[in-house]
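Asks: Pasting a structure here, questions to come.
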Amino acid sequence: MMVRQHIPNFVDGVEPGKAMVESLADLDQVQWIRSWRYYGDFYRFSQTPDGCLMAEFQSGAEYWVIGYLEQPMPGLPIWMHR
């Protein structure tokens, strides 16, 4: 499945990264996804029911949309607002 990087609307001139992934291990092979592991108090990656790929920090108290999944990723936790 395709995963597309989230670039905020206020950023100009940057093309979002795209990658084909089939498993959770594949997510860690994508540089722009893996880099979130080194930001602050990383907790986990998760997904929303509508396809957002989330990076969670501080046991889920802080979170960011980092990308968009083409379809649900088996084994990736469902993001729940805390």
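Asks: With 21 Å as the cut-off, how large is the P(r) tail for the chain, expressed as percent of Cα-Cα pairs? The partial results should precede the final answer.
Replies: Working: 767 of 3321 pairs.
Counting pairs separated by more than 21 Å, the tail of P(r) holds 23 percent.
Asks: Here is a further query. Can you give me the relative contact order of the chain as a percent, contacts being Cα pairs under 8 Å and 6 or more apart? Don't skip to the end; give the middle numbers.
Replies: Numbers: 137 pairs, mean separation 24.5, N = 82.
Relative contact order of the chain: 30 percent.
Asks: Once phi is turned into ³J(HN,Hα) by the Karplus curve 6.51 cos²θ - 1.76 cosθ + 1.60 with θ = phi - 60°, what whole-Hz value does each residue of the range 73-79 show in order, with x for glycine and proline?
Replies: Values per residue, Gly and Pro as x: 9, x, x, 7, x, 7, 6 Hz.
Asks: For Met54, enumerate residues with amide H under 5 Å from its amide H, sequence gap 5+ or separate chain, H modeled in the peptide plane.
Replies: It is Ser46, Gln47, Thr48, Ile66, by chain and number.
A short reminder: the numbers here are calculations on the coordinates, not readings from a lab. Small disclaimer: the values here were computed from a predicted structure and weren't measured.
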